[in-house]
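What follows draws every value from the coordinates through simple rules; no lab data is involved. Computed from a predicted structure; not experimentally measured. Because the Cβ atoms are built from the backbone with ideal geometry, glycine has one as well, and the counts that use them run over all protein chains shown.
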Amino acid sequence: MEKRWIKAATIQTPTLKVGGRRLLPFCLRHRVLLEAVDSPVIGGNRTITPQDLLFAVRVLATHDPEAVRKPATLRESFLLAYYTHFPVKFHAEVIKLNTYFNAQSLWCRFWEKDTSKDPGGIPWQLAIIAGLVRNGCTLNEAWTMPEAEAVWLHVAHCRAAGAKIDVVSEQEWEAMERYKAEEASKAKNTKNYNRN
């Protein structure tokens, strides 16, 4: 748990470029803008297209929400045609984008609960932003700080206010991963034994 927090709190601006642009740390503003257009780069069942990639790069390279409304630049138009005609180059950029997301997936891990509560219809992103602003961040800071850091701070504020949020420690996570690996190995061995 502590290692994930330290990594989340010290996220630096990524050094890799995707689509020729340096991306900023992934933040809640990026998430909401990408979710607003149902972008497959953050989930969903659609395959990522060159147009999806270039739109995501445009969003992830700025904190300005108005940038997404601007028409495609000459460079973006060229890259769209280039990635469409050279799928190997396009897939290399998708791999870099996945690397970008994986390097920043440092949220605290929560214990799953069987009970479901109605969150009151408030999107979780808004709850985090409101919580951060209530606890002293500016609205812009809440929108643009790295997402993992925002989640950790929100959880800490909620726990300080008395909320029962169970966070999985590093040791617990490692023990669960070992257990899963052992179970998978047993299942594989049983399957191989039954085959013989």
So, with points 7 Å from each Cα along the Cβ direction, the K89-K17 label distance in nm works out to 1.4 nm
FRET efficiency for A36 and R159, using Cβ-Cβ distance with R0 set to 30 Å, rounded to 0.05
0.50
Run the simple label-point estimate for E141 and K188 please: 7 Å along Cα→C-beta, distance reported in nm.
4.8 nm
In square nanometres, what is one fourth of the surface area of the convex hull spanned by the alpha carbons of region 9-103?
6.0 nm²
Quick one: if the Förster radius is 41 Å, what FRET efficiency do Y82 and K180 give, using the C-beta to C-beta distance and rounding to 0.05?
0.50
From the cross-link list K17/K180; K3/K89; K17/K89; K17/K70, the entries with a Cα-Cα span beyond 25 Å are K17/K180; K3/K89
